[in-house]
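Notes to accompany the following structure.
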Amino acid sequence: MAHGKIRVNTLTYDTGSGDVDVAVSGLGPARTDSEIDTRADARITAATGSSVQAFDADTAKTDAAQTFTAAQRGTITALTSGATVTPDFAASNNYSLTLDQNLTIANPTNLTAGQSGSIFLVQDGTGSRTAAWGSYWDFAGAAAPVLTTTAAGIDRVDYIVRSTTSIHTVFTGNYS
């Protein structure tokens, strides 16, 4: 991803192998943001031989609708088992947790409405582990699920964050 810093009348463009200074003086006070962007893009292209968009073509944008031409995937992040497990939703969307004791899955930190993902719950070699859930986890019927208790049993909780205090969840148990 390209990074730069704006000085009074110069744009310093970091190409990854060095900085390129592009003069941006003479744009005039009556220019629209779009006109300024167009002129700056042209000067960057002239200075670097590559447009800003071409240089940054493989980076997903956060402020525009996009069509992806390749599969998108998220890492499955391992949670550390303990008496209380507190997922950090800024770290990932998908998690795995091997239960080696009875535990509580507390309310996650860094909740953002619209985030969704899955948590794979895996019984250790002993099995019979149980899980309690923090108050933000909303299960259908207002009842937390009963986990598969066989050794190495696998369950999955799919979630979508509705608000900073509500996570709608769907439980599917006893995967192979």
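Computed from the coordinates by the stated procedures, all read-outs in this text should not be read as laboratory data. Keep in mind that this is a model prediction, so the values were computed, not measured. Here the Cβ positions follow ideal geometry from the backbone for every residue, glycine too, while neighbour counts run over all protein chains shown.
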Residues Val157, Val122 arranged by fewest to most Cβ contacts within 10 Å: Val122, Val157
Stretch in the chain that is longest and holds no trypsin sites (Lys or Arg not before Pro) that DSSP places in a loop and that have at most 10 other beta carbons within 10 Å: 74-176
Net charge of Cβ neighbours under 11 Å - reference Gly173; Lys, Arg +1; Asp, Glu -1: 0
Inverse mean reciprocal Cα-Cα distance (Kirkwood Rh) of the stretch 54-176, Å: 15.7
The chain - share of DSSP beta bridges that are antiparallel (%, nearest 5): 55
CD proxy at 222 nm, helix term only [per DSSP H run n ≥ 4: -39500 (n - 2.57); per residue of the chain; nearest 500]: -3500 deg cm²/dmol
Whole-Hz couplings from phi, Karplus 6.51/-1.76/1.60, listed for the stretch 107-122; x for Gly and Pro: 4, x, 9, 6, 6, 10, 3, x, 5, 9, x, 9, 10, 8, 10, 10
Selection from Thr67, Thr112, Ala143 lying farthest towards where the dipole of the chain points positive, charges on Cβ: Ala143
Gain on full stretching of the segment that runs from Gln66 to Thr84 - 0.36 nm per residue minus C-alpha separation: 2.6 nm
GNM flexibility winner over the chain from Gln66, Gln115, Gln123 (Cα, springs under 10 Å): Gln66
Cα radius of gyration and Dmax for the stretch 105-166 (Å): 12.7, 36
Cβ-placed point charges (K, R +1; D, E -1), dipole of the stretch 76-175 about Cα centre in debye, nearest 20: 100
